[in-house]
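> Before anything else, here's the structure in question.
The values are calculated or read from the model by the stated rules, or taken from the named source; none is laboratory data. Not measured: the values here are computed from a predicted model. When we count neighbours, we look across all protein chains shown, and the Cβ atoms used for this are built from the backbone with ideal geometry, even at glycine. Ligands, DNA and RNA are excluded from the accessible area calculation, which covers all protein heavy atoms including side chains. Shrake-Rupley method; radii C 1.70, N 1.55, O 1.52, S 1.80 Å.
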Amino acid sequence: MGSWYINRTFFFDVHPPLGKMLIGLSGYLTGYDGKFAFDKPGDKYENTSYIGMRLFCTTLGATIVPMSFVSVEELTYSITAASFSSLLIIFDVGLITLNQYILLDPLLLCFMIGSFMGAVKVSSKRIQEFSVQWWVWLTFTGTMLSCCISVKFVGLFVVLLVGLMTVADLWNILGDLSKPVTHTLKNILARGLCLIVLPMVLYIIFFYIHLRVLNRSGNGDGFYSSAFQSQLIGNSLHNASMPYQVAYGAVVTMKNHRTGGGYLHSHFHLYPEGVGARQQQITTYTHKDDNNKWIIKKYNSETTDDVEIIRNGDLVRLEHLSTKRNLHSHKEPAPITKKHYQVTGYGENGTGDANDVWRITTIGAKDGTELTAVTSKLRLIHYLQSCILTTSGKQLPKWGYEQQEVSCNPNLRDPNGVWNVEENFFEKLPNVSFEVYAPSFLERFIESHAVMIQGNAGLKPKEGEITSRPWQWPINYRGQFFSGSHHRIYLLGNPLIWWGNLIFILLFVIVFTVNAIKLQRGYIKSFTGRHCFF
């Protein structure tokens, strides 16, 4: 991904862009040309200048130690406690494993502990409120929070932690009767400015840079809308010049309108035994491919002599360009979503049956309105079964090449049953430019997030992949594999440190509970002063 930033090639990822941008920048500044594939662990680097990126990740990972020292010293006023905390981190093999490779995690951990250290400093009794030092630490905290969430969305948990610390501080300030209420209001305003407004502005700036730098078409284009793709140099829609209206006989690609939706796709492979009728597979595919191309024909005729524009309400057939089979549905259950009907490729050389007929319905348009490329949002309603062509977004098994399921839903209000014509090839109509439909930065910003969130929600282990569950990580039961063909990297924490941490947390809960009972019974007068400190 760092290579793609250097080459300015657009890609899809489930995480925000800052970490990958910084890794790309570190590589660029240290002589890396962005040409190495980084396919798997164990590949020979030959003359690739990768050291700069490793040093960058390792350096940021190493800052966790001094920042932890500062944080603990500020909390405890104890050099011993701070030193002990730092040693626990220095000798943790889990962090050593993470920090020596070109990964997002060292950056994420650096910004996480930076956010925490900043929040601790802002809360410190040693620093006077509204002094220059206090403002510097407050701004530092906001910047670290923005960087943290801009590397991975899991940074939201640190935002929550700092938010709770801030609320506790403000509550204590409100309870200080020696100062007026206006003092509390000034604190709320200062923290709102530095911990909410500043991180939001920085986050948007990071995305603006991301979208400006990645301006060339790449393998992630298909996850985004047709309008979004029109801004990528090298994409078939960039400075697109093609017919505005869609006519009978045109060769088109159909893109699903759901976030991250793919192209209507088919190939020569059939559905396996036991999965509905053993006819040709129909899927959605998120990458551009010749198997995404379809010819739109009249439902009762093969050829059209004159140029005839397709209109809202027309009955049509869609013939797959490569295999010459028609888009077809019948009352067999879909492969995964059993309440839907199966969609297949059927017929020979464009000749099928009545189950190949679909009605085009354009959203928000009157009957007879002309169908247009890119801009028209349309539904395909099966003429006989009265169901809507849709995609569930569910991944098919290996027999379907892990592409997404296409089905026909009897519920005609299915929100995922909306499509648009993306590419439109027809020599008899004049071409027009589609630059006028280019989305604004805000529209691209919002769409990027919708695609990322959906991508995150769809993450799941691949078949046969060695995985571990989140509950197994804190107890160090099973670690993480980074696997290549002959090289395996195993990430596992130092058991003395990880199990020791769990024991410390348990001990704290016991000590706190015992002291709370003593306080309630009158053995301790209050949780203030020296006792509270310890």
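> If Lys and Arg each add +1 and Asp and Glu each add -1, what is the summed charge of the other residues whose beta carbon sits under 12 Å from the beta carbon of G249?
-2
> Which of the peptides 378-384, 307-313, 323-329, 496-502 is most tightly packed, and how do the rest follow, going by the mean number of other Cβ atoms within 10 Å of each residue?
In descending order of packing, they fall as 323-329, 378-384, 307-313, 496-502.
> Also, I was wondering about something else. With angles folded into 0 to 90 degrees, how steeply does helix 181-192 sit against the dominant principal axis of the chain? Use alpha carbons for both and round to 10.
50
> Follow-up question, since we're still on this one. List the residues of region 90-134 whose backbone N lies under 17 Å from a point placed 7 Å from the Cα of T76 along the Cα-to-Cβ direction.
Flagged as within label range: 90-92, 117, 120-121.
> So how exposed is K44, as accessible area in Å² (1.4 Å probe, rounded to 10)?
Around 150 Å² of this residue is reachable by solvent.
> Related question: Using 0.36 nm per residue of separation minus the Cα-Cα distance, give me the extension gain between Q454 and T59 in nm, one decimal.
Contour length minus Cα-Cα distance gives 138.9 nm.
> Related question: Determine, from the Cβ-Cβ distance of N431 and Y299 and an R0 of 35 Å, the FRET efficiency 1/(1 + (r/R0)^6), rounded to the nearest 0.05.
Result of the calculation: an efficiency of 0.80.
> What is the angle, in °, between the Cα long axis of helix 51-62 and the longest principal axis of the Cα atoms in the chain? Nearest 10 is fine, range 0 to 90.
Around 50 degrees separate the two axes.
> Still on this structure, I have one more. Excluding ligands, DNA and RNA, what is the solvent-accessible area per residue of the chain at a probe of 1.4 Å, expressed in Å²?
It amounts to 52 Å² per residue over the chain.
> Using a 1.4 Å probe over the heavy atoms of the protein chains, calculate the carbon and sulfur portion of the accessible area of the chain as a whole percent.
61
> Also: Among all the aspartates and glutamates, which ones have a C-alpha under 13 Å from K398's C-alpha, if same-chain residues fewer than 8 places away are not counted?
Excluding near neighbours in sequence, the set is E463.
> Let me ask something additional. Among F426, T283, L189, whose Cα lies farthest out toward the positive end of the dipole of the chain, if unit charges sit on the beta carbon of Lys, Arg (+1) and Asp, Glu (-1)?
Towards the positive end, the residue furthest out is L189.
> Given charges of +1 on the Cβ of Lys and Arg and -1 on the Cβ of Asp and Glu, with all other atoms neutral, how large is the dipole of region 231-369 about its Cα centre, in debye to the nearest 20?
About 540 debye.
> Let me ask another. State the answer as a single residue: which of A450, V132, I204 lies farthest towards the positive end of the charge dipole of the chain, with beta carbon charges of +1 for Lys and Arg and -1 for Asp and Glu, about the Cα centre.
Among A450, V132, I204, the one farthest towards the positive end of the dipole of the chain is V132.
> Number of Lys-Lys pairs in region 78-197 under 22 Å by Cα, sequence gap 8 or more or different chains?
Step by step, the pairs that qualify in region 78-197 add up to 4.
> Can I ask one more? Using 21 Å as the Cα-Cα cut-off, could you pick out the over-long pairs in K377/K460; K293/K377; K40/K288? Kindly include the intermediate steps, with their values, before the conclusion.
Values: K377/K460 31 Å; K293/K377 18 Å; K40/K288 25 Å.
Those over the limit are K377/K460; K40/K288.
> Show me 32-39, 205-212 ranked by packing, highest mean number of other Cβ atoms within 10 Å first.
205-212, 32-39
> Given a 1.4 Å probe and heavy atoms of the protein chains only, how would you sort T48, T390, largest accessible area at the top? Please list the in-between numbers first.
Values: T48 30, T390 0 Å².
Heavy-atom accessible area, descending, gives T48, T390.
> Under unit Cβ charges (Lys, Arg +1; Asp, Glu -1), what dipole magnitude, rounded to 20 debye, does region 17-66 have relative to its Cα centre?
I would put it at about 80 debye.
> Name the residue from F504, V374, Y299 whose Cα lies farthest towards the positive end of the charge dipole of the chain, charges +1 on Cβ of Lys and Arg and -1 on Cβ of Asp and Glu.
Towards the positive end, the residue furthest out is F504.
> I'd like the Karplus ³J(HN,Hα) series for region 402-414: coefficients 6.51, -1.76, 1.60, θ = phi - 60°, whole numbers in Hz, and an x wherever there's a Gly or Pro.
With the stated coefficients, region 402-414 comes to 6, 7, 8, 5, 10, 9, 10, 9, x, 7, 6, 8, 4 Hz.
> When the dipole is taken about the Cα centre of the chain, and only Lys, Arg (+1) and Asp, Glu (-1) are charged at their Cβ, what size is it in debye, to the nearest 20?
1780
> From a point 7 Å beyond the Cα of V14 in the direction of its Cβ, which residues of region 118-151 have a backbone N at a distance under 20 Å?
Of the residues in region 118-151, 148-151 have backbone N under 20 Å from the label point off V14.
> Angle between the Cα long axis of helix 105-123 and the longest principal axis of the chain, 0 to 90 degrees, nearest 10?
The angle comes out at about 50 degrees.
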